[in-house]
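Shown next, in structure tokens, is the structure this report addresses.
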Amino acid sequence: MSLHVNDLKVHYRTLRGDVHAIDGVTFSLEDGEIMGLVGESGCGKSTLGKSLIRLDSQMRHVGGTVELDGRGVPIADDDAMVPLRYHEVSLIPQYAMSALNPIRRIGRMIDELLRARGVRPADKADELRRRLELVGLEPDVLRRFPIELSGGMKQRVVMVLSTLLDPSLLIADEVTSALDVSTQRSVAESLVEFRDRGYVRSMVFVTHDVSLVYQIADTIMVMYAGHVAEKGPADSIVSEPRHPYTQMLLSALPEVGSTSGERLQGIPGTPPGLLDPPTGCRFRARCPMAFDKCAERPPLVETAPGHWSACWKTGGE
Amino acid sequence: MWRYMGRKLFVYALTFVVAVTINWMIPRFMPGDPVRSMLSRGSVSDPEALERMTAYYNEVFGLDAPLHEQYLSFWAGLFRGDLGISVMFYPEPVVDIILRAVPYTLALLVPAIVLSWIVGNHFGAFAARSKVLDNTILPAGYVLTATPYMWLALLMAWSLGIVAGVFPTAGGYSFALTPGANWEFVSSLIVHWFLPFLSMFVVALGGWAIGMRNMIIYELEDDYATYLRALGAPRRLVRRYAFRNAMLPQITGLAVQLGTIITGALLTEIVFNYPGLGTLVLDSLNNRDFFLLQGIFLFVVVGVLIANFVIDVVYVLIDPRTRVQMTGGSS
């Protein structure tokens with residue numbers, strides 16, 4: 001069992017009070033698993049990804065534990081997290097295109113970062129070149145400044161840099177959002193290749209693009225308003241979703257080659273504000289199947305092997 | 001690279017020509033006749049003598065030739081290093097008078113600009129991460145920057161010079177001494193130099209510190225800094241990167257400010273009666289010594305142009321982005 005997150009709660013401190021961005025999230029990640037983390041904007045998926053590596057100054061760990069490879073991850077303690085960062089947990093950020101220092105040559109910046117993390121750059125030089133070639137970059141990019149590279153090239157440099165120390169867990173936060181469709185595909189495939197070659201043990205792939213995540217992920221976790229709605233193997237999430245939210249989310253996707261002139265169904269309503277979240281199931285107000293019991297928070301129960309769902313209608317049966 | 005430099009040099013050359021031309025025009029088209037005012041000081045009452053002396057001096061100063069000839073001979077003189085003869089210190093050449101004053105101004109300006117810039121930048125970067133400093137000393141910086149310079153300088157001269165009596169308030173060295181390479185004279189130079197220097201330094205310091213503090217806070221929030229921190233990079237590395245990035249706008253700021261700083265130096269020298277170019281400007285104005293004034297302005301213009309050019313070159317060396325743009329860039 002590689003990653004184990006138990007009842008994690010992370011809140012944002014704002015002037016108007018705490019925003020309950022992650023409110024009791026429990027899930028596990030096997031060795032070698034690529035988990036797609038999907039949900040609409042503001043559901044807490046990026047917050048979850050960030051809290052596994054570094055809490056922002058406004059983020060506060062309220063409760064719950066994280067365990068990686070059998071050891072506790074002290075996510076609330078910024079200093080204690082430092083040894084784990086990069087070595088054990090790494091991140092490909094949402095802003096990969098602007099993640100490189102504009103006034104340093106890329107190679108020099110990588111060397112300085114490695115040295116600061118106690119790694120001799122010379123030990124990693126060959127591996128670095130090999131991996132750059134793997135993602136289709138000339139080793140020559142190391143002598144260039146970030147401004148001389150295209151957005152896609154910078155993204156690939158960051159992918160290689162982030163995984164250079166073979167972390168146990170990689171968080172890929174919306175890495176494909178700013179890319180065109182064909183580049184999205186190749187980035188996603190490179191990430192799978194990184195996993196296959198053992199550069200990263202397991203991966204959390206945060207995205208709002210369900211169709212992309214279906215192509216690369218082994219499992220999919222759907223979040224809604226700070227709660228886990230459903231987690232299961234990618235196939236069964238897409239083919240037989242249990243949670244009403246997942247069902248409606250999938251039905252809102254267009255289908256390639258669809259000939260019926262049907263208009264796509266959106267999900268009526270908006271997600272609840274997380275400053276003062278409602279009790280019970282958070283999807284209740286928008287759910288066509290809601291009934292009295294939904295005023296209580298539904299537990300996340302295993303409805304089929306490896307398939308978990310938090311809904312009184314599907315889980316409780 | 002060289003094409004860029006060539007283009008820059010061309011712009012600077014053009015600026016120089018325009019500045020020299022304006023410089024030449026101003027005294028000639030200003031009301032008042034320098035020769036007349038010089039003669040009236042001599043109280044020449046005989047009209048015939050006055051006529052002859054006017055003609056004589058007009059010839060000495062080259063004012064009897066047609067304007068375009070005056071303009072051309074002005075340029076020719078410029079390249080020979082001949083800026084004419086001073087009216088005020090007749091018959092001393094303008095160049096000699098200026099060269100005597102320039103060391104004082106440079107000794108005041110260069111340390112004040114460079115030190116306030118360096119100290120201000122480091123101090124601002126330091127204040128950006130210390131709440132206490134941020135809340136106490138930076139507001140003082142705001143007050144200093146907003147204070148009218150002359151008032152502050154007078155206040156310093158009054159408190160440190162007259163009330164405390166620590167420093168002399170006027171002159172470049174003690175009037176009891178004759179210039180020479182002995183210790184007594186040098187120490188007198190330093191003591192007289194200190195107050196004008198301090199006033200310029202203090203006023204400029206606050207501005208740089210405030211600018212740097214804001215830039216550092218902005219840089220530390222930037223994506224590359226967030227990414228480095230997420231990968232566990234030590235604060236030292238992140239700060240070093242942030243500082244280097246924040247320096248770039250500060251260097252541009254220095255280039256923009258240079259002109260203003262030199263004007264500030266004029267005020268300083270006037271307040272402290274320091275024998276540099278500033279005092280010379282005031283004196284030559286009061287005495288209608290247009291040739292001297294013209295020469296000083298020329299020196300100031302050249303100084304500002306050279307300083308700006310140096311900063312241009314430095315900027316190219318430290319910011320790879322300008323370098324990439326120059327070579328056409330590849331994406």
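Is it fair to say B:A170 is open to solvent by less than 70 Å² (accessible area, probe 1.4 Å) and in a helix (DSSP H, G or I)? For B:A170, the condition - open to solvent by less than 70 Å² (accessible area, probe 1.4 Å) and in a helix (DSSP H, G or I) - is not met.
When the stretch B:7-41 is limited to residues that are modelled with pLDDT of 85 or more and of a type in the set (G, A, S), the one that is most open to solvent (accessible area, probe 1.4 Å) turns out to be B:A13.
One residue is enough: does the stretch A:71-81 have a residue meeting the conditions assigned to a loop (DSSP other than H, G, I, E, B) and facing chain B (nearest Cβ under 7 Å)? Looking through the stretch A:71-81, none of the residues is assigned to a loop (DSSP other than H, G, I, E, B) and facing chain B (nearest Cβ under 7 Å).
Residues in the stretch B:173-187 that are in contact with a Leu (Cβ under 6 Å, 6 or more places away or on another chain) and in a helix (DSSP H, G or I): B:F185 only. Restricting the first member to the stretch B:97-109 and to residues that are closer than 19 Å to B:F291 by Cα and in contact (Cβ under 8 Å) with a residue 12 or more places away in the chain, and the second to residues that are open to solvent by less than 10 Å² (accessible area, probe 1.4 Å) and of a type in the set (S, T, N, Q), the beta-carbon pairs closer than 6 Å and six or more apart or on different chains are B:I97/B:S86. Residues in the stretch B:115-133 that are surrounded by 15 or more Cβ atoms within 10 Å (Cβ to Cβ) and assigned to a loop (DSSP other than H, G, I, E, B) were compared, and the one that is farthest from the chain's Cα centre (by Cα) is B:R129. Apart from one condition, B:T263 fits all of (1) open to solvent by less than 20 Å² (accessible area, probe 1.4 Å); (2) away from every other protein chain (no Cβ under 14 Å); the exception is (1).
Screening B:I251, B:I270 for residues that are within 21 Å of the chain's Cα centre (by Cα) and within 14 Å of another protein chain (Cβ to nearest Cβ) leaves exactly one candidate, B:I251.
So that you can scan it fast, the table gives a plain yes or no per residue for (1) within 27 Å of the chain's Cα centre (by Cα); (2) more than 13 Å from chain A (Cβ to nearest Cβ):
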residue: B:L177; (1), (2): no, yes
residue: B:G180; (1), (2): yes, yes
residue: B:V191; (1), (2): yes, yes
residue: B:R235; (1), (2): no, no
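Residues in the stretch A:197-216 that are part of a helix (DSSP H, G or I) and within 12 Å of the chain's Cα centre (by Cα): A:V213 only. Among the candidates B:T136, B:T145, the residue that is within 24 Å of the chain's Cα centre (by Cα) and part of a helix (DSSP H, G or I) is uniquely B:T145.
Looking only at residues that are open to solvent by 40 Å² or more (accessible area, probe 1.4 Å) and facing another protein chain (nearest Cβ under 8 Å) in the stretch B:200-233, which one is nearest to A:D111 (Cα to Cα)? Per the stated criteria, the residue is B:R229. Please find, within the stretch A:82-121, the residue that is nearest to the other protein chains (Cβ to nearest Cβ) out of those that are part of a loop (DSSP other than H, G, I, E, B), open to solvent by 40 Å² or more (accessible area, probe 1.4 Å) and among the charged types (D, E, K, R). The selected residue is A:R105.
Annotation: A:V66 fulfils all but one of (1) closer than 19 Å to A:I171 by Cβ; (2) away from every other protein chain (no Cβ under 11 Å); (3) part of a helix (DSSP H, G or I); the unmet one is (3).
For (1) within 14 Å of another protein chain (Cβ to nearest Cβ); (2) open to solvent by 10 Å² or more (accessible area, probe 1.4 Å); (3) over 16 Å from the mean Cα position of the chain (by Cα), each residue gets a yes or a no:
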| position | (1), (2), (3) |
| --- | --- |
| A:F145 | yes, yes, yes |
| A:G151 | yes, yes, yes |
| A:R156 | no, yes, yes |
| A:T163 | yes, no, no |
| A:D173 | yes, no, no |
| A:Q184 | no, yes, no |
| A:R195 | no, yes, no |
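Looking at the structure I just gave you, is A:E127 more than 10 Å from chain B (Cβ to nearest Cβ), closer than 23 Å to A:S190 by Cα and either acidic (D, E) or in a helix (DSSP H, G or I) (or both)? Against the criterion (more than 10 Å from chain B (Cβ to nearest Cβ), closer than 23 Å to A:S190 by Cα and either acidic (D, E) or in a helix (DSSP H, G or I) (or both)), A:E127 qualifies.
The condition (being modelled with pLDDT under 80 and of a type in the set (V, I, T)) is satisfied by just one residue among B:V44, B:V94, B:V119, B:V110: B:V44.
The values are calculated or read from the model by the stated rules, or taken from the named source; none is laboratory data. Keep in mind it's a predicted model, so treat the numbers as computed, not measured. Cβ atoms come from the backbone with ideal geometry, glycine included; neighbour counts cover every protein chain shown. Accessible surface is based on the protein model in full, side chains and every heavy atom, while ligands, DNA and RNA are left aside. Shrake-Rupley method; radii C 1.70, N 1.55, O 1.52, S 1.80 Å.
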